[in-house]
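As structure tokens, the structure follows; a few thoughts come after it.
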Amino acid sequence: MAEETQKKAEEVVVAETEKTATEKDPPPPPPPVLEVEESTKPAIVEEAAASATEEAEKPKTSDEKTIVQSVSFKEESNIVSDLPDSEKKALEELKQLIQEALNKHEFTAPPPPPAAPKEEEKKTETEVAPAPAPAEEKPAAEEAPAPVETEELPKVVTSEVAEAAPEEVKEEKKEVTPPAPEAEASVAVVVTEEVQKVTSVDDDGTKTVEAIEETIVAVSAPAAPTAEPALAEKEPEGETSTAASAETKEEDITDAAAPPPPPPEEVSIWGVPLLADERSDAILLKFLRARDFKVKDSFAMIKYTVAWRKEFGIETLLEEDLGNDLEKAVFMHGFDKEGHPVCYNVYGEFQNKELYQKAFADEEKRQKFLRWRIQFLEKSIQKLDFSPSGICTIVQVNDLKNSPGPGKWELRQATRQALSLLQDNYPEFVAKQIFIHVPWWYLAFNRMISPFLTQRTRSKFVFAGPSKSVDTLFKYITPEQVPVQYGGLSREGEQEFSTADPVTEITIKPTTKNTVEIPVLETCILVWELRVIGWDVSYGAEFVPSAEDGYTVIVQKARKVTPSDEPVLSNSFKIGEPGKVVLTVDNISSKKKKLLYRFKTKPSSD
């Protein structure tokens, strides 16, 4: 398998080197910090990574022509009325399965089985039913009172004794000894003189004739009547009354022991109950889409996710302090053009050996990194809107510049662990995956895992080489929302401008000069900022008054700006008369440039 995989990787790299046209639909490998919807076979991914590592040692070819773009992806609606009939039906079936599971409390630990009350029941029945007295009454039988003459006892007593316990009487006649403890339940009988023949009927219908000497009866407890004699008197009435009494008591005990059925349990994921309102539909649709609307598979995935969240301790994880060492490697910044929050994953940060060791050196540190990443994702999800028309997905920007690559075993291990958790428990949370600064060897990796990704998944991925990264970002994210380090104008801290201030884009052709005119009709302070991606241009600014006899004022003397200079230049000018500010950018290079600028006015202070 490894040899075949390596062979395929080599063939792909050779093919990519020879191609000059772009390919279609290249899927990306799932990095350790991504949320991936579809299963991508972690074992295959790992093998592909190992093969791609070998290819990385080969001479680099032109990557700009081999970097490819994915087809466009339109995010599905969470409004139920917009769904096809088949998807509506699947959603209703899933709701029914969930409701049944909630009624049966299948999402939580099952209650203890009701076998214990039944055992106690049986035990109670045994104690209540007529039975021999316990052994502790034996001393009372041994200290029997003085004999009583037979004539004083009615014949009924003899027949009762014979009917109640014929086997015990027979035993007493043979041994002529004090009765065993089992015979002392009702009366203790000592036989001395007169012999009678008594016929008794056993339980199986057999008649037994016994000779009983009937003269003296010793009663072990001649005191006031107790419950035992009463039971003994009722016993001859037949087994039917005893059984009926036992059944009645059993029913009473059963009714008393059986608690009322508990109400359906309430289960929530990401703060949204599974069955509550329209927000629940958005959650359920995520699981359905992750499993191609296979209801049973989606239901099983939901049950697994609920159990995993309890086992992983998501609620307590949100309160844990896991440090901020990785805040430069993974961070949220701004929104895309459709309103999705954007998460940046900067793999180049792991070139820092100290940070790499702190995150991936051993299993304990990898587990801590995993918990940190899950915590970060959970906090990001809390900011999403799960209403039918709300935003409930995230755009991922993955910066592969100076990435350690798949050759790092620890990073691959963290990748496999993170991928397994994310694809099983966070379905459909990515609206778009944008890969920038993609190295040439990355395509070999992508091509090898391509067969294991669906077209729907591949359509979410976008790739861009180093020179196309900024343009690709601007296709999905406006420049005012893109961080400065990625070509935009968004900066942290207090600035003159914010993300609410729009940016204008202009493309400057090679070896041409471009001017931007900003008209001003009143006294004010004009503030502006601009940048040219990659710079290597000449920049200047001046104020030209509207009056014909006015004098032009040089605001910024023309100077060459190099890539090593400040990425963004800011200027301001106090204007006392109507006129215009003219910004001049002279592209002296042989490559086209992108100019970004924005401005605003403020009242002039005296």
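The values are calculated or read from the model by the stated rules, or taken from the named source; none is laboratory data. If you're wondering where the values come from, they're calculated on a predicted model, not measured in any experiment. Cβ coordinates were reconstructed from backbone atoms using ideal geometry, including for glycine residues, and neighbour counts include every protein chain displayed. Please note that ligands, DNA and RNA were not included when accessible areas were found on the heavy atoms of the full protein model with its side chains. Shrake-Rupley method; radii C 1.70, N 1.55, O 1.52, S 1.80 Å.
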_Being surrounded by 13 or more Cβ atoms within 10 Å (Cβ to Cβ), in contact (Cβ under 8 Å) with a residue 12 or more places away in the chain and not aliphatic (A, V, I, L, M) narrows it down to one residue among K594, K574, K557; which is it?_
K594
_When you scan region 522-534, do you find a residue that is in contact with a Pro (Cβ under 8 Å, 6 or more places away or on another chain), among the charged types (D, E, K, R), surrounded by 13 or more Cβ atoms within 10 Å (Cβ to Cβ) and at pLDDT below 95, even just one?_
no
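In region 522-535, what residues are more than 29 Å from K509 (Cβ to Cβ) and assigned to a strand (DSSP E or B)?
Step one: of region 522-535, the residues more than 29 Å from K509 (Cβ to Cβ) are 522-525.
Within region 522-535, C524, I525 meet the criteria.
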*Could you list all residues from region 536-554 that are surrounded by 13 or more Cβ atoms within 10 Å (Cβ to Cβ) and not in a strand (DSSP E or B)?*
D536, G550
*Look at S572 and say whether it is of a type in the set (G, A, S) and not in a strand (DSSP E or B).*
no
*Among the residues of region 295-320, write down those that are surrounded by fewer than 15 Cβ atoms within 10 Å (Cβ to Cβ) and among the charged types (D, E, K, R).*
K296, D297, K310, E311, E315, E319, E320
*Somewhere in region 473-481, is a residue crowded, with 24+ Cβ neighbours inside 10 Å and of a type in the set (V, I, T)?*
yes
_The lone exception for V342 - which of (1) modelled with pLDDT of 95 or more; (2) open to solvent by 20 Å² or more (accessible area, probe 1.4 Å); (3) β-branched (V, I, T) it fails_ = (2)
*Residue check, P483 closer than 23 Å to E566 by Cβ and either in contact (Cβ under 8 Å) with a residue 40 or more places away in the chain or out of contact with any strand residue (DSSP E or B) (no Cβ under 7 Å at 6 or more places or on another chain) (or both)*: yes
*Could you tell me which residue of region 345-365 is surrounded by the fewest Cβ atoms within 10 Å (Cβ to Cβ), considering only residues that are touching a Lys or Arg at 6+ places or on another chain (Cβ under 7 Å) and under 27 Å from T305 (Cβ atoms)?*
K365
*Which one is farthest from the chain's Cα centre (by Cα) among residues in region 65-109 that are crowded, with 19+ Cβ neighbours inside 10 Å and at pLDDT below 90?*
T66
*Assuming V585 fulfils every condition listed in (1) free of Cβ contacts under 8 Å to residues at least 60 places away in the same chain; (2) of a type in the set (A, V, I, L, M, F, W, C); (3) farther than 30 Å from P341 by Cα apart from one, which condition is it?*
(1)
*Of the residues that sit in region 577-591 and are in contact with an Asp or Glu (Cβ under 6 Å, 6 or more places away or on another chain) and modelled with pLDDT of 95 or more, which one is least open to solvent (accessible area, probe 1.4 Å)?*
V582
*From the list R309, R289, R279, which one is touching a Ser or Thr at 6+ places or on another chain (Cβ under 8 Å) and in a helix (DSSP H, G or I)?*
R279
*Among the residues listed as E492, E496, E566, E517, the single one being at pLDDT 95 or above, open to solvent by 70 Å² or more (accessible area, probe 1.4 Å) and within 25 Å of F474 (Cβ to Cβ)*: E517
*Is region 503-514 home to any residue that is polar (S, T, N, Q), open to solvent by 70 Å² or more (accessible area, probe 1.4 Å) and more than 26 Å from K591 (Cβ to Cβ)?*
no
_I need the full set of residues from region 440-493 which are closer than 29 Å to D292 by Cα and polar (S, T, N, Q), in order please._
N446, S450, T454, Q455, T457, S459
*For region 575-606, name all the residues that are closer than 26 Å to R491 by Cβ, of a type in the set (S, T, Y) and either in contact with a His (Cβ under 6 Å, 6 or more places away or on another chain) or part of a loop (DSSP other than H, G, I, E, B) (or both).*
S589, S604, S605
